[in-house]
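Report on the following structure.
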Amino acid sequence: RKEVEQDPGPFNVPEGATVAFNCTYSNSASQSFFWYRQDCRKEPKLLMSVYSSGNEDGRFTAQLNRASQYISLLIRDSKLSDSATYLCVVRVYTGGFKTIFGAGTRLFVKA
Amino acid sequence: IAGITQAPTSQILAAGRRMTLRCTQDMRHNAMYWYRQDLGLGLRLIHYSNTAGTTGKGEVPDGYSVSRANTDDFPLTLASAVPSQTSVYFCASSDSNRANTGELFFGEGSRLTVL
């Protein structure tokens, strides 16, 4: 079983739609959680951190459920520019910090 | 602000040849990393360095070596390239003193093809 699992998609949605991505992680000692965005043939960039209480940044909402070891990202009012791959990232402390990336979920937003 | 610079951006290499991918950062980050990204597998850690003078093995270290002579530079060497090392390689850095954030800053990637 992969340490961080995501639905690879692709998700094809129209502009203005709401779309949700899910991610599960296997290590209960995971301490920090993030969503990164990666555009085609570009480097990953931090989209947002995920906090236990849930957090929102404009049209983006991230949620964490530690009991179920589950992270989600909700995008409201999708824009064409949201088309990208979204990477779920978990940071585990095992004597030192280890950062584990999910394989990513591809999103295509269409006009 | 340059951030992280990788070179070359793209390279085609014959199997058996030696290749060094260069990585330089100007953010004075303690920690640096090399990842490879392959379709369907996501980013996999090859080697890392928590501070200048130290290095460690990641998830897929075989066939690769690194050095960290100073804070800014973290080159990745393929001693004898094989076709399975065809991939996109990303160098990254983080401020390990800010352990709670853990944000990684990536270079633009080096696309390597081994024939």
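Numbers below:
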| item | result |
| --- | --- |
| For A:Gly54, distant residues with modelled amide H under 5 Å away | A:Leu64 |
| 22 Å Cα-Cα reach of A:Lys110 towards lysines, excluding residues that sit fewer than 8 places from it in its own chain | A:Lys42, A:Lys79 |
| Per-residue Cβ neighbour rank within 10 angstrom, fewest leading, B:Lys57, A:Lys98 | B:Lys57, A:Lys98 |
| P(r) weight above 25 Å for chain B, C-alpha pairs, percent | 16 |
| Radius 15 Å from Cβ of A:Phe60, net charge of other residues (Lys, Arg +1; Asp, Glu -1) | +1 |
| Net charge dipole size for chain A [Lys, Arg +1 and Asp, Glu -1 on Cβ; Debye, nearest 20] | 220 |
| About the Cα centre, charge dipole magnitude for region A:54-111 (Lys/Arg +1, Asp/Glu -1 at Cβ), debye | 140 |
| Karplus-derived HN-Hα couplings along region A:40-56 (A = 6.51, B = -1.76, C = 1.60, θ = phi - 60°), whole Hz, x at Gly and Pro | 4, 6, 10, 7, x, 9, 5, 8, 6, 7, 10, 9, 4, 7, x, 8, 10 |
| Fewest-first sequence of B:Leu112, A:Leu74 by Cβ atoms within 10 Å of each Cβ | A:Leu74, B:Leu112 |
| Simple Cβ-charge dipole of region B:39-115, Lys/Arg +1 and Asp/Glu -1, about Cα centre, in debye nearest 20 | 140 |
| Ratio of Rg to Rh over chain A (Cα coordinates, Kirkwood Rh, two decimals) | 0.97 |
| Long-range tail of P(r) for the protein assembly as shown (Cα pairs > 24 Å, %) | 45 |
| Residue-count net charge about B:Asp73 - beta-carbon cut-off 12 Å; Lys, Arg +1, Asp, Glu -1 | 0 |
| Residue order, fewest to most beta carbons within 10 Å, for B:Thr55, A:Thr94 | A:Thr94, B:Thr55 |
| Per-residue average of Cβ from other chains inside 10 Å of B:54-60 | 1 |
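No value in this document is a laboratory result; all are computed from the given coordinates. All figures in this text were calculated on a predicted structure; none of them were measured in a lab. For neighbour counting, all protein chains shown are included, and Cβ atoms are generated from backbone atoms with ideal geometry for every residue, glycine included.
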